[in-house]
Amino acid sequence: MAIAVYPGSFDPATYGHIDIIQRAGSLFDEIIVGVLNNSAKSPLFSVEERVNILKRVTEDVPNVQIKAFSGLAVNFARDCGAQVIVRGLRAVTDFEYELQMAQTNRVLAPDIDTMFLTTNLEYAYLSSTIVKEVNAFQGDISKFVPPFVAEVLQEKYKQR
Ligand code: ADP
């Protein structure tokens, strides 16, 4: 059985992430999204909130699981019994860092491969950071994230 993990911060999930999850879901028997619990990054949403958001927006993907993890992605992949780490590539700007990470991971875990899915052009410009910035200035984020994510983002800013 081919299992892949898709690790990231997902703070919060965008249509770009969802597109990668759907496509990975049709390539692998199981796709496990790993939500990184990284205290150094001070995310807007807690890891529990990010996991819940992802669960909600991937309800229609039959073979997806959402899990929190901390530490190395290769260890998370091993714990999940995965052979592949999936990452999305938006533009050349992503490439250098992603290549370095993939090569490091290959040294750490030669039994696990990184597979890149190129972004759907429709979402190539999208990042969680941009979505948060537009939302902070009351811009329309409906083309970037599903309605549920827009709601929780707007709630978050009301609380601040
Ligand atoms: P990071 O893992 O660097 O903290 P993210 O959580 O935003 O960043 O992204 C997780 C993964 O999703 C990365 O592989 C990233 O390249 C990919 N990704 C981010 N935004 C998009 C997008 N708009 N389209 C496709 N893939 C994306």
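Points to keep in mind about this one:
- Unmet requirement for residue 126, which otherwise passes all of (1) away from the ligand (no atom under 14 Å from the Cβ); (2) open to solvent by less than 20 Å² (accessible area, probe 1.4 Å); (3) within 18 Å of the chain's Cα centre (by Cα): (1)
- With respect to the conditions (1) at pLDDT below 95; (2) within 18 Å of residue 4 (Cβ to Cβ); (3) open to solvent by 60 Å² or more (accessible area, probe 1.4 Å), residue 116 lacks only one, and its number is (1).
- Output for region 92-124, where each listed residue is within 16 Å of residue 16 (Cα to Cα) and touching a helix residue (DSSP H, G or I) at 6+ places or on another chain (Cβ under 9 Å): 116, 117, 119, 120, 122, 123, 124
- In summary, residue 121 fulfils each of the numbered conditions (1) open to solvent by 40 Å² or more (accessible area, probe 1.4 Å); (2) aliphatic (A, V, I, L, M); (3) modelled with pLDDT of 95 or more with the single exception of condition (3).
- Against the list (1) under 17 Å from the mean Cα position of the chain (by Cα); (2) open to solvent by less than 50 Å² (accessible area, probe 1.4 Å), the condition residue 109 fails is (1).
- Any helices (runs of 4 or more DSSP H) falling wholly within region 67-160 and containing at least 3 residues that are hydrophobic (A, V, I, L, M, F, W, C) and closer than 23 Å to residue 51 by Cα: 73-80, 128-136, 147-159
- Members of region 14-48 that are among the hydrophobic types (A, V, I, L, M, F, W, C), near the ligand (Cβ under 8 Å from one of its atoms) and either assigned to a loop (DSSP other than H, G, I, E, B) or open to solvent by 10 Å² or more (accessible area, probe 1.4 Å) (or both): 36
- Residue within region 95-103 that is away from the ligand (no atom under 14 Å from the Cβ), farther than 29 Å from residue 146 by Cβ and of a type in the set (Asp, Glu) present: no
- Condition check for residue 93: open to solvent by 80 Å² or more (accessible area, probe 1.4 Å), among the hydroxyl-bearing types (Ser, Thr, Tyr) and more than 15 Å from the chain's Cα centre (by Cα): yes
- From 144, 148, 76, residue being in contact with a Lys or Arg (Cβ under 6 Å, 6 or more places away or on another chain) and at pLDDT 95 or above: 148
- Odd one out for residue 98 among (1) at pLDDT 95 or above; (2) open to solvent by 40 Å² or more (accessible area, probe 1.4 Å): (2)
- Of everything in region 1-13 that is within 22 Å of residue 81 (Cα to Cα) and small (Gly, Ala, Ser), the residue that is surrounded by the fewest Cβ atoms within 10 Å (Cβ to Cβ) is 2.
The values are calculated or read from the model by the stated rules, or taken from the named source; none is laboratory data. Just so it is clear, the model here is predicted, and its values are computed rather than measured. Heads up, the Cβs are rebuilt from the backbone with ideal geometry, glycines too, and the neighbour counts pull from every protein chain shown. Heads up: the accessible areas ignore ligands, DNA and RNA and are worked out on the full protein's heavy atoms, side chains in. Shrake-Rupley method; radii C 1.70, N 1.55, O 1.52, S 1.80 Å.
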